[in-house]
Amino acid sequence: QVQLVESGGGLVQPGGSLRLSCAASGNIFSINYMGWYRQAPGKERELVATITNGGSTNYADSVKGRFTISGDNVKKTVYLQMNSLKPEDTAVYYCKAVTTYHLNYWGQGTQVTVSS
């Protein structure tokens, strides 16, 4: 079992920045990679960014150049630095961990609202 706890969401004006954190606990040594997903009202959950144990990253086209995912591979904590935020970035952001056994674990989500 893996538990994930996100933090760092909130209300920010367009053009502003936020940093999300996700701390994993439990059987963290089974985690193969972690990532961030988001779900806006009325829309399906979508990939934002992922990072592997080796540090390889992947981003959705909509956030490339604005968001940066990073992680502490020992603590199994991942961060999402979000800059130049837009109203369309408003969503609940979820942390996900995938284990070597292909099991998916999700955090409870943190709300990000971009509005003036």
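The values are calculated or read from the model by the stated rules, or taken from the named source; none is laboratory data. Quick caveat: nothing in here was measured; it's all calculated off a predicted structure. As a convention, Cβ positions derive from the backbone with ideal geometry for all residues, glycine included, and neighbour counts pool all protein chains shown. Note: accessible area is taken over every heavy atom of the protein model, side chains too, but ligands, DNA and RNA are not part of it. Shrake-Rupley method; radii C 1.70, N 1.55, O 1.52, S 1.80 Å.
Miscellaneous remarks
- Net charge contributed by nearby residues that have their C-beta within less than 13 Å of residue 33 (K/R +1, D/E -1): +2
- Accessible area per residue, Å², the chain with all protein chains present, probe 1.4 Å: 53
- HN-Hα J in Hz across region 26-33 - Karplus 6.51, -1.76, 1.60, θ = phi - 60°, x for Gly and Pro: x, 7, 5, 6, 8, 6, 9, 7
- Positive contributions from Lys and Arg (+1) and negative ones from Asp and Glu (-1), summed over other residues with Cβ under 10 Å from the Cβ of residue 107, come out at 0.
- Magnitude of the charge dipole for the chain, about its Cα centre and with charges confined to Cβ atoms of Lys, Arg (+1) and Asp, Glu (-1), is about 100 debye.
- The lysine pair count for the chain, using Cα distances under 17 Å and pairs eight or more places apart or on different chains, is 4.
- The chain - percent of accessible surface contributed by carbon and sulfur, probe 1.4 Å: 49
- Amide H contacts of residue 16 (H built 1.01 Å from N, in plane; Pro and chain starts excluded): 85 sit under 5 Å, all sequence-distant by 5 or more or on other chains.
- DSSP beta bridge pairing in region 10-116, given as percent antiparallel to the nearest 5: 90
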